[in-house]
Amino acid sequence: MQPFGHTVTDTEIRALFSAARGWEARYKELIKLAKQLPPLADADKTEANAIHGCESQAWLLSKQDEEGCWQLHCDSDARIVKGLMAVVLAALNNKTAPEIQAFDIEAYFSELQLFNHLSPSRGNGLRAVVSAIKQSCQP
């Protein structure tokens, strides 16, 4: 279950965002990433899959594969949130539980220069997404 149809890594995201000059360019990249992330099936948009702490509606599916890596798929009804989710998935998808637990998402988003442009509620929502992923992928 690769949400992009292929693996997009945090290294590729870092390169994409370091090449983007200014917030407007980063925002456009988030929108492009949101469009690449396929929607969840309506049947998966359930309370059991809901991510709480996000102002918009958001959902997470997580499944561990035979190698012990987690396959993650997120969706949201808000385009910018979906783009932020794509950035999170690039960093955390197809990783083991210890790798997911150890990943410093705050440093990642600081490096991408995203947190300083997000409203406090959107930043908290993003942290809720990461928290939901870490909770669902316990070792």
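The values are calculated or read from the model by the stated rules, or taken from the named source; none is laboratory data. Treat the numbers as computed from the prediction; the structure is a model and nothing was measured. All Cβ positions, glycine included, derive from the backbone under ideal geometry; neighbour counts span all protein chains shown.
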Residues in the stretch 88-128 that are closer than 14 Å to GLN71 by Cβ and of a type in the set (D, E, K, R): how many? 2
Considering only the stretch 29-37, I want to know if a residue exists there that is farther than 15 Å from VAL8 by Cα, in contact (Cβ under 8 Å) with a residue 12 or more places away in the chain and not acidic (Asp, Glu). yes
So how many residues does the stretch 90-139 have that are among the polar types (S, T, N, Q), under 16 Å from SER62 (Cβ atoms) and surrounded by fewer than 16 Cβ atoms within 10 Å (Cβ to Cβ)? 5
How many residues, within the stretch 100-139, are under 15 Å from THR11 (Cα atoms) and assigned to a helix (DSSP H, G or I)? 6
Which numbered condition ALA90 misses (of (1) in a helix (DSSP H, G or I); (2) touching a residue at least 40 places away in the same chain (Cβ under 8 Å); (3) farther than 23 Å from ALA15 by Cα): (3)
Among the residues of the stretch 50-72, write down those that are crowded, with 19+ Cβ neighbours inside 10 Å, of a type outside the set (A, V, I, L, M) and touching a strand residue (DSSP E or B) at 6+ places or on another chain (Cβ under 6 Å). TRP59, SER62, TRP70
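Yes/no matrix, rows are residues, columns are (1) at pLDDT 90 or above; (2) among the hydroxyl-bearing types (Ser, Thr, Tyr); (3) part of a helix (DSSP H, G or I):
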| position | (1), (2), (3) |
| --- | --- |
| GLY5 | no, no, no |
| LYS35 | yes, no, yes |
| ALA43 | yes, no, yes |
| GLU55 | no, no, no |
| LYS63 | yes, no, no |
Report every pair of residues separated by at least 6 positions or lying on different chains whose Cβ atoms are under 9 Å apart, first residue within the stretch 57-76 and within 17 Å of VAL88 (Cβ to Cβ) and free of Cβ contacts under 8 Å to residues at least 60 places away in the same chain, second aromatic (Phe, Trp, Tyr) and crowded, with 21+ Cβ neighbours inside 10 Å. ASP75/TRP59; SER76/TRP59
